[in-house]
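Let me begin by presenting the structure, written as structure tokens, before commenting on it.
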């Protein structure tokens, strides 16, 4: 997730608090939200190469959740007032350095303990542009679906949300 806990204007970044039906019921600071049981929203993006490889971020060892784990190409919280698509577009541009990706929402996970109390909208985009790793990433590398499956079997560490989305992705080809 990018920009730490502050927005571009230096103000503390706020997220929408939602109910069990994903309806906005308030706002809360993003910082520390995972230390609570507040239900909120996030987005995950798989950037897919024309040959089918998926770009995976390896989270920095200094991140507050899942340090060093593999994760989606881009992911982050939806800011207060943003739609899922707006949040995905912002995260993709901030984290991958590629503006104007044609994002398609493919799935949505319901908020639960397994998703860190996040409703998660899942988007994909196909592009031959080479993304850049953002400052909060240890690395960014493209892998085939078969290689990702092997990495999972080998015990490489992946975020729980990535694993849920990857399982859905494998079972629901375009």
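FYI, it's all coordinate maths here, none of it is from the lab. All of these numbers come straight from a predicted model, not from anything done at the bench. Here Cβ is always computed from backbone atoms with ideal geometry, including for glycine, and neighbour counts include all displayed protein chains.
Taking the longest Cα principal axis of the chain as reference, the axis of helix 84-96 is set at about 60 degrees. Taking 120, 78, 17 in turn, the Gaussian network model of the chain (Cα-Cα springs below 10 Å) assigns the largest fluctuation to 17.
With contacts taken as Cα pairs under 8 Å at a separation of at least 6 residues, the stretch 87-174 carries a relative contact order of 23 percent.
Averaging 1/r across all pairs of distinct Cα atoms in the stretch 26-99 and inverting the result yields a Kirkwood radius of 13.5 Å. Scaled to the globular estimate 2.2 N^0.38 Å, the Cα spread of the chain, given as radius of gyration, is 0.97.
Ranked highest first by the average count of other Cβ atoms within 10 Å around their residues, in what order do 132-139, 147-154 fall? Let's see the in-between values first.
On the way: 132-139: 14.9, 147-154: 13.2.
Order by mean packing, descending: 132-139, 147-154.
Relative to the longest principal axis of the Cα atoms of the chain, helix 160-171 runs at roughly 50 degrees. Taking 100, 32, 155 as the candidate residues, the one with maximal mean-square fluctuation in a Gaussian network model of the chain, Cα springs under 10 Å, is 155.
Listing 70, 84 from fewest to most neighbouring C-beta atoms within 10 Å gives 84, 70. Comparing 33, 48, 161 in a Gaussian network model of the chain, where Cα atoms under 10 Å apart are tied by springs, the biggest mean-square fluctuation is seen for 33. Relative contact order of the chain, taken over Cα pairs closer than 8 Å and 6 or more residues apart, is 25 percent.
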